[in-house]
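A short write-up of the structure that comes next.
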């Protein structure tokens, strides 16, 4: 464990916009870390090339709004083509990763991206890319499987963990610096997560290298927290939660998370019939369902949509813009708090 949290040059938070990653950021503020050293890294699951198969459309905009309200930097990253392209691989290489960097880092990028057809970085950011050129061609043509094993639950491995590693490995600004990387897993969430270490070297740590030394520690600051602790800190700062919580979801992952309960699939069908139907079509195409025994249609038919779903909040959730004030004058616990929290084991 670190002796002094203020000893680091960079503080990078893997930021989903969910309650746990929000608390990671607030913990840094509570401990007096300067805001200009804090960065939020959000991994866009559907990419930025036009796919809208799995995730809440509003999530990137919500994350941007949160960063602006708190006064910290945020950088977006993703695998080209997102979840849908990776899932549809047929004897091809995995796609490259793209990642935003501070504009002053552009000259140090091995492969900068000057013109992306669907995405223009903010004026203070540049875009880099890495990967997708070597390796073994492979075929997926199936959804990730509901498992703690990242070899088959490939969405986490390929769309989050690997993308994050490439962003670290391809930025020279982390050379000869100390970085604290933070994620929001909690022991209360599952028996597997209960076994995670609270503090350890990050998987991309390279502190002993003579050629490219990167000192990166991985801290899970709220690993021992209860959900009550999480909502209490969010209430203290009066942070307006992501629309998913207001609609009744107990945790923020993809809207169509593969771990979804029957009620969540019923709710997804009500909130976004288009997304739900596209997933059902893929199950039919692949002749293999997400759940080992039931299709998403069969699961949704067994569940009930959350009673707090309203047209106004659905509109917020399906928008690519977020216009609400993040820091509220009056704060209310969302409907999804302490509700169903099915997710990665």
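Given the criteria under 18 Å from residue 163 (Cα atoms) and without any contact (Cβ under 8 Å) to a residue 24 or more places away in the chain, does residue 113 qualify? Yes, satisfied. Residues of the stretch 189-205 that are out of contact with any strand residue (DSSP E or B) (no Cβ under 8 Å at 6 or more places or on another chain), over 20 Å from residue 17 (Cβ atoms) and touching a residue at least 24 places away in the same chain (Cβ under 8 Å): 190, 191, 192, 196. Take the residues of the stretch 302-345 that are within 19 Å of the chain's Cα centre (by Cα) and part of a helix (DSSP H, G or I): which is farthest from residue 230 (Cα to Cα)? Filtering first and then ranking leaves 318.
Checked against (1) part of a loop (DSSP other than H, G, I, E, B); (2) in contact (Cβ under 8 Å) with a residue 12 or more places away in the chain; (3) at negative phi, residue 293 passes all but a single condition, namely (2). Every listed requirement among (1) surrounded by fewer than 14 Cβ atoms within 10 Å (Cβ to Cβ); (2) under 30 Å from residue 315 (Cα atoms); (3) touching a residue at least 12 places away in the same chain (Cβ under 8 Å) is met by residue 273 save one, (3). Filtering the stretch 170-205 down to residues that are surrounded by 16 or more Cβ atoms within 10 Å (Cβ to Cβ) and part of a helix (DSSP H, G or I), which residue is farthest from the chain's Cα centre (by Cα)? Among those that are surrounded by 16 or more Cβ atoms within 10 Å (Cβ to Cβ) and part of a helix (DSSP H, G or I), it is 174. In this structure, does residue 256 turn out to be in a helix (DSSP H, G or I), in contact with a helix residue (DSSP H, G or I) (Cβ under 6 Å, 6 or more places away or on another chain), within 20 Å of residue 87 (Cα to Cα) and modelled with pLDDT of 95 or more? Spelling it out, it is not the case that residue 256 is in a helix (DSSP H, G or I), in contact with a helix residue (DSSP H, G or I) (Cβ under 6 Å, 6 or more places away or on another chain), within 20 Å of residue 87 (Cα to Cα) and modelled with pLDDT of 95 or more.
Test residue 245 against the stated conditions and say whether it is under 26 Å from residue 170 (Cβ atoms), within 19 Å of the chain's Cα centre (by Cα) and either free of Cβ contacts under 8 Å to residues at least 40 places away in the same chain or crowded, with 22+ Cβ neighbours inside 10 Å (or both). No: the conditions fail for residue 245. Of the residues examined, residue 13 is one that is under 11 Å from the mean Cα position of the chain (by Cα), within 25 Å of residue 205 (Cβ to Cβ) and either at pLDDT below 95 or not in a loop (DSSP other than H, G, I, E, B) (or both). Among the residues of the stretch 24-56, those that are outside any loop (DSSP other than H, G, I, E, B) and under 30 Å from residue 269 (Cα atoms) comprise 41, 42, 43. Any residue at all in the stretch 50-64 that is at positive phi and either surrounded by fewer than 20 Cβ atoms within 10 Å (Cβ to Cβ) or at pLDDT below 95 (or both)? Yes, there is a match, as at least one residue in the stretch 50-64 is at positive phi and either surrounded by fewer than 20 Cβ atoms within 10 Å (Cβ to Cβ) or at pLDDT below 95 (or both). Looking at residue 123, is it touching a strand residue (DSSP E or B) at 6+ places or on another chain (Cβ under 7 Å), surrounded by fewer than 17 Cβ atoms within 10 Å (Cβ to Cβ), free of Cβ contacts under 8 Å to residues at least 60 places away in the same chain and not in a strand (DSSP E or B)? In short, no.
The values are calculated or read from the model by the stated rules, or taken from the named source; none is laboratory data. Computed from a predicted structure; not experimentally measured. Here the Cβ is made from the backbone with ideal geometry for all residues, glycine too, and neighbour counts use every protein chain on show.
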